[in-house]
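Heads up, the thing below is written out as structure tokens.
Derivation of every value follows stated rules applied to the coordinates shown; laboratory data play no part. None of the values given here were measured: they were computed from a predicted structure. Methodologically, a virtual Cβ is constructed for each residue, glycine included, from the backbone with ideal geometry; neighbour enumeration extends over all protein chains shown.
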Amino acid sequence: MKIGCPKEIKPQEFRVGMTPNAAQEAVAHGHHVIIETKAGEGAGFPDADYIEAGAQIVDTAEEVFATADMIVKVKEPQAVERKMLREGQVLFTYLHLAPDPDQTHDLLASGCTAIAYETVTDSAGGLPLLAPMSEVAGRLAPQVGAWTLQKANGGRGVLMGGVPGVGPARVVVIGGGVVGTHAARVAAGMGADVTVLDRSLPRMRYLDDVFGTQFKTSYASKGNTAELVALADMVVGAVLIPGAAAPKLVTREQLGTMKPGAAIVDVAIDQGGCFETSRATTHEDPIYDVDGIMHYCVANMPGAVARTSTIALGNATMPFMLALANKGWRQACEDDDHLLAGLNVHAGRLTYYAVGKALGIDVLSPNLALKL
């Protein structure tokens, strides 16, 4: 199979869809790997590394899309990239379709087969291709939130760990999954007073058993959420419903109860965000003010630490990428129900229920899509 990897063009996105190690593995399996020149430079992988791995370097994204049977990326294809997709071509990347009707309609119109990293599952009920970036984003959230809290950036001017005689910042993490757990660990490690909100009692018991007194947990009822948000210096939104739009858990009205200059970090912004006032921003211009509350809503947070993120993502995606290339997408999905769960679009049909529900589009069963 011809596997293509273009340079990411989303603003301030420095990750790359294939590491040289992944390219070497694919070549060793008999595949032809095509990399756009300088695609890996942002993550510290020069063209020479890919050439040494046996890949072919080409000058433009157009050459990659025109030649490759499968496109491997990091972020969802941008409008100019979607125009280059063609019928029968496989796209393997993050998609986050539920809050993005334009992308969804373009992918349907292209006739391509789109497999989304974020909806591939595993035997434990997890999301193995989302987890590495959730870990990175979770660990970044307190770091960027602490920066947002600085007075020069419009924040309250509160130090996360305080100093002797001055209390620490109060941090509320909404969601106790992968993102929330990593955010809470880092925020607590910075000395903050941290509370994690979740609706799963088993999950809260797990967090209590593993982390003890490092941070507190509380049930995410509307009352508890409102009370804790009002007291917080920083709120981290870390709620995910696989493949679906994130629920809006904090209203604009609630911003009026928060401390002026408090910081919101919405890690769920890729799925539309879990605050009513959230809108996607970029690393170039990451924060904005709504009613005196500073919002950090960068849609590709892990891109800030591109090398770590690229290697972590490549470790997770490589086995699935090789399966798709070695067997073809149909056989690979027939052999692995967890990979089949990643199928979102095929031959002009939507194949993921949560996206169809969010966008009001009829959905074809993935098993039926295999027969098209």
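Structural remarks
- Antiparallel content of DSSP bridges confined to the stretch 131-299, in %, to 5: 20
- Rh by Kirkwood over Cα pairs, then Stokes-Einstein D for the stretch 273-372 at 1.306 mPa s and 10 °C, µm²/s: 95
- The chain: most fluctuating residue of GLY165, GLY348, GLY17 per GNM, C-alpha cutoff 10 Å: GLY165
- Working value for the chain: equivalent-ellipsoid semi-axes of 37, 22, 19 Å, each the square root of 5 times a Cα gyration tensor eigenvalue, largest first.
- Binned Cα-Cα distance frequencies in the stretch 183-264 - 10 Å width, integer %: 16, 47, 33, 4
- Using the Cβ-Cβ distance between TYR353 and ILE57 with R0 set to 35 Å, the FRET efficiency works out to roughly 0.30.
- Euclidean distance of C-alpha centroids, the stretch 66-96 and the stretch 233-303, integer Å: 28
- Highest-fluctuation residue, GLY126, GLY272, GLY177 considered, GNM on the chain with Cα pairs under 10 Å: GLY126
- GNM top mover of ARG86, ARG349, ARG199 - the chain, alpha-carbon springs below 10 Å: ARG199
- Using a Förster distance of 30 Å, the FRET efficiency for ALA226-GLN78 (Cβ separation, nearest 0.05): 0.20
- By the beta-carbon count within 10 Å of each Cβ, the least crowded to most crowded order of VAL74, VAL136, VAL120, fewest first, is VAL136, VAL120, VAL74.
- In this calculation the C-beta distance from SER365 to ASN326 is compared with R0 = 25 Å, giving a FRET efficiency of 0.50.
- Cα radius of gyration and Dmax for the stretch 131-299 (Å): 14.3, 46
- Here the label points at HIS283 and THR251, each 7 Å from Cα along the C-beta direction, are separated by 3.7 nm in the simple model.
- Across all Cα pairs in the stretch 20-120, the calculated P(r) in 10 Å bins from zero up to the longest distance comes to 15, 45, 32, 8, 0 percent per bin.
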